[in-house]
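Data block below; observations after.
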There are 2 protein chains.
Amino acid sequence: MRLSKRGEYGLRAMIVLAGLPQPGAPLPVVQIKEISDREKIPGKYLEQILLSLKNAGLLHSKMGVGGGYYLAKLPSEITLGQIFRVLDGPLAPIRCVSQMAYEPCGCPDEQTCGLRLVMGDVRGAISSILDHTSLADVSKRQEAVRQQISKQSL
Amino acid sequence: MRLSKRGEYGLRAMIVLAGLPQPGAPLPVVQIKEISDREKIPGKYLEQILLSLKNAGLLHSKMGVGGGYYLAKLPSEITLGQIFRVLDGPLAPIRCVSQMAYEPCGCPDEQTCGLRLVMGDVRGAISSILDHTSLADVSKRQEAVRQQISKQSL
DNA sequence: ATGAATGTCTATCAATGCAATAGACTTTGT
DNA sequence: ACAAAGTCTATTGCATTGATAGACATTCAT
């Protein structure tokens, strides 16, 4: 049940983009290099990943001096599920329970297939997290943890 | 978030083993060929899979004429999580949230890493299903669905 | 207009893992 | 002794993954 490096890097990058201290301007534009340094991700690889995310409509970019990437929507409007699907495909562990990419699996009877019943639950559980957690939720949660920690250290 | 064929075949096979109509004898012994025919799994591949499951202590076997495989414990004592881990490794999407195979992931601060917080939830959700669903639970559920269906057809 | 800074695009590569196949070997029952 | 099962190890083809490379396009400052 593994998240690929592609997916991992992409999610990390989007979380950084969403969490960066916003300068007065409405659009915090960040360069690839800034993100790859911060998160220790190979720059050239991250390049491809951000490009995919851009082509999927989750990021916008600006070329040239002072350019970089910025979120295409508000952090509260981008879910981790959207990001994941762009980079790693369907959430479902097995295609016959996928909502976005269903395909029959050839078992004798799909309706009563035990594996399918359980994997349907798993897909649902994963989706209920990733499709209902936005980048804004992640930032909030990080902040909450930070406060928790500073409270304990008193 | 994909289940490998190995994992899929192994889970299917174990579910079959657990669900087979039990002849009077305490141990329903089933041959590889029987399972591979029923579930349309390449026989030689299934062989390796069942062997792994045996070496992991989830199956027992009997060689020679009239031999085959049978569950090493009661269906209620074998969880899908156990089977999954033997064939596909840790449940966690990312190693830094794995209970069985933890490894640091090198992010700046693990405690406040947004990705880690969310993937921890995902791991928990998957585990709460697979580690709390036994082969007996699967059989019960299949039976329930069958009854549901026959009720509707009236 | 020029040049530097940035993103865009496509190709390529090595390594790995996956799915499957093959075949020789061992044990057991009759 | 033979046939029916599981055991074990090697091999193979193929796709995917993670990464690197380099030529190209756009933008801005001067």
request  = Kindly indicate whether any position in region A:55-74 is out of contact with any Pro (no Cβ under 9 Å at 6 or more places or on another chain), within 18 Å of B:Gly114 (Cβ to Cβ), in a helix (DSSP H, G or I) and away from DNA strand D (no atom under 12 Å from the Cβ).
outcome  = no
query = Which of (1) within 11 Å of chain B (Cβ to nearest Cβ); (2) among the acidic types (Asp, Glu); (3) under 16 Å from the mean Cα position of the chain (by Cα); (4) surrounded by fewer than 19 Cβ atoms within 10 Å (Cβ to Cβ) is the odd one out, the single condition A:Asp88 does not satisfy?
reply = (4)
query = If you check B:Arg12 against the conditions, is it under 30 Å from A:Gly81 (Cα atoms), basic (Lys, Arg), surrounded by 20 or more Cβ atoms within 10 Å (Cβ to Cβ) and within 16 Å of DNA strand C (Cβ to nearest atom)?
reply = yes
inquiry  = Every residue in region B:35-87 that is without any contact (Cβ under 8 Å) to a residue 60 or more places away in the chain and in contact with a Gly (Cβ under 8 Å, 6 or more places away or on another chain), please.
reply    = B:Ser36, B:Lys40, B:Ile49, B:Leu50, B:Ser52, B:Leu53, B:Ser61, B:Lys62, B:Ala72
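Matching residues to (1) within 14 Å of DNA strand D (Cβ to nearest atom); (2) open to solvent by 30 Å² or more (accessible area, probe 1.4 Å); (3) not in a loop (DSSP other than H, G, I, E, B):
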{"site": "B:Ser36", "(1), (2), (3)": "yes, no, yes"}
{"site": "B:Leu46", "(1), (2), (3)": "yes, no, yes"}
{"site": "B:Ile49", "(1), (2), (3)": "yes, no, yes"}
{"site": "B:Phe84", "(1), (2), (3)": "no, no, yes"}
{"site": "B:Ala92", "(1), (2), (3)": "no, no, no"}
note = The lone condition B:Val29 fails out of (1) touching a residue at least 40 places away in the same chain (Cβ under 8 Å); (2) of a type in the set (A, V, I, L, M, F, W, C); (3) within 14 Å of another protein chain (Cβ to nearest Cβ); (4) within 15 Å of DNA strand C (Cβ to nearest atom) is (3)
task = Give the number of residues within region B:39-77 that are basic (Lys, Arg), more than 14 Å from every other protein chain (Cβ to nearest Cβ) and near DNA strand C (Cβ under 10 Å from one of its atoms).
result = 2
note = The condition from (1) open to solvent by 30 Å² or more (accessible area, probe 1.4 Å); (2) not in a loop (DSSP other than H, G, I, E, B) that A:Ala125 misses is numbered (1)
ask   = Name the residues in region B:31-89 that are within 17 Å of B:Leu3 (Cα to Cα) and of a type in the set (Phe, Trp, Tyr), would you?
value = B:Tyr45, B:Phe84
inquiry  = It is to be established whether one or more residues within region A:139-152 are in contact with a Gly (Cβ under 9 Å, 6 or more places away or on another chain) and assigned to a loop (DSSP other than H, G, I, E, B).
reply    = no
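Within region A:94-104, track down each residue that is surrounded by fewer than 17 Cβ atoms within 10 Å (Cβ to Cβ) and farther than 19 Å from A:Leu130 by Cα.
So in region A:94-104, the residues surrounded by fewer than 17 Cβ atoms within 10 Å (Cβ to Cβ) come out as A:95, A:99-104.
A:Glu103, A:Pro104, listed by residue number.
The values are calculated or read from the model by the stated rules, or taken from the named source; none is laboratory data. No experiment lies behind these values; they were computed from the predicted model shown. Glycine gets a Cβ as well: all are built from the backbone with ideal geometry, and neighbour counts include every protein chain shown. Side chains included, ligands, DNA and RNA excluded: accessible areas come from the protein's heavy atoms. Shrake-Rupley method; radii C 1.70, N 1.55, O 1.52, S 1.80 Å.
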